[in-house]
Amino acid sequence: MSSIPTSVQAVPRISMGGLPIAVMNREETAAFLVDAALAARGRDVAPLIVSSANGQVLSLCASDPKIKNLYLSSDLISADGMSLVHVSKLRAQTPLPERVATTDLFHDVAREAQRKGARFFMLGASQGNISKAVTNVRTMYPDLEVVGFRNGYFSLYEEAIVDQINKSGADILWVSMGVPRQLEFAMRWRPQLKVGVLKTSGGLFDFLSGRDSRAPQWMQDAGLEWLYRLGLEPRRLFWRYAVTNIHATYLLFSMPVAVLPACDAEPD
């Protein structure tokens, strides 16, 4: 792309595995999120909801209409999975430029936010992990304003959490509570939230805290990060990956891949 889209409607998308996936690289995505968040500052507008899809998400959406509706209610879905990138290069007229993994994107957005003055609120994970994650982020990005944080152990109907976020003056809210809870929170409180952008984040804070480690770069590039994680937690992850990887591969190759109109975020 020659320039960063100025509105979410202008972001190019392709339909993959039943979801509309944004055709933007990490740098473009980071710039877009920060610019959109700052443009919303002081305005009475609902936040943009930005989520991500990998093989597991494609499988869940195909199996559960409620989860799929949550994703289709997002304003933007990034490709957080190399399988989507690889298949797009085989099947799409406009392939995905690269994987936009949230664990990488966070740092791109943090650098951009630090430079432009956007403020973060971090919501999710255990109290120990979120506290450590915030400490590490403030060390890595000393000029970045992390204006608030809270663990993810609360009722989705607890309005006091929304009040805390709004009073912080945050521009970007990172919600790390897993699928589908983080999107349920986003859609439940979207009208009341005063942030510019809400980014769902999966297990991001566990990585930022240092509790979890990333796979070697060559495994990430090859789309094998799931295998690295399986080696770390075989009992918890074996059946999840055994089912969702096969199902996602089927969806990526059996469902139509098409460029979506710029004004329409719904797949054909």
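Every number here is computed from the coordinates shown, using simple stated rules; none is lab data. Just so we're clear, the structure is a prediction, and the values are computed from it rather than from any experiment. Cβ placement follows ideal geometry from the backbone for every residue including glycine, while neighbour counts extend to all protein chains displayed.
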* **Residue with peak Gaussian network fluctuation, the chain [Cα springs, cutoff 10 Å], from 44, 35, 171** => 44
* Structure fact -> Amide H contacts under 5 Å for residue 124, restricted to residues at least 5 apart in sequence or on another chain and with H modeled in the peptide plane, are 150, 151, 152, 176
* Once you've got the GNM for the chain with C-alpha springs shorter than 10 Å, pick whichever of 103, 139, 29 has the biggest mean-square fluctuation. => 139
* Asked: Using θ = phi - 60° and the Karplus form 6.51 cos²θ - 1.76 cosθ + 1.60, what ³J(HN,Hα) does each residue of the range 18-28 get, whole Hz, x for Gly and Pro?
  -> x, 10, x, 9, 5, 9, 9, 7, 5, 4, 5
* Most mobile of 130, 77, 246 in a GNM of the chain (Cα contacts under 10 Å) -> 246
* Structure fact -> Spelling it out for residue 21: with amide H atoms placed in the peptide plane at 1.01 Å from N, the residues 5 or more places away or on another chain with amide H under 5 Å from its amide H are 14, 15, 16
* To do: Tell me which label goes with the value of Rg/Rh (Cα atoms, Kirkwood Rh) computed from the coordinates here: (1) 0.97; (2) 0.94; (3) 1.04.
  => (2)
* To do: List the longest stretch of the chain that has no exposed loop site; here a site is one of the chymotrypsin sites (Phe, Trp or Tyr not before Pro) assigned by DSSP to anything other than H, G, I, E or B, with at most 16 other Cβ within 10 Å.
  => 1-152
* Is it possible to state the helix-based mean residue ellipticity at 222 nm for the chain, with each DSSP H run of 4+ residues giving -39500 (n - 2.57), the sum divided by total residues, to the nearest 500 deg cm²/dmol? What is it? -> -14500 deg cm²/dmol
* Setting aside same-chain residues fewer than 8 positions from residue 116, which lysines have a Cα under 23 Å from its Cα? -> 167, 194, 199
* Counting other C-beta atoms within 10 Å, which of 8, 23 has the fewest, and how do the rest follow? -> 8, 23
* **For the range 166-180, 3J(HN,Hα) per residue [Karplus equation, 6.51 cos²θ - 1.76 cosθ + 1.60, θ = phi - 60°, Hz, x = Gly/Pro]** => 5, 5, 6, x, 5, 9, 10, 10, 9, 10, 10, 9, x, 9, x
* Asked: Out of residues 5 or more away from residue 52 or on other chains, whose amide H comes under 5 Å of its own, with H placed 1.01 Å from N in the peptide plane?
  -> 78
* **³J(HN,Hα), Karplus 6.51/-1.76/1.60, whole Hz, each residue of the range 83-95, x for Gly, Pro** => 4, 5, 5, 4, 5, 4, 5, 8, 10, 9, 5, 10, x
* Which whole-number percent is the relative contact order of the range 29-251 (Cα, under 8 Å, 6+ apart)? -> 27
* Asked: What's the exposure ranking of 134, 175, 87, going from fewest to most Cβ atoms within 10 Å?
  -> 134, 87, 175
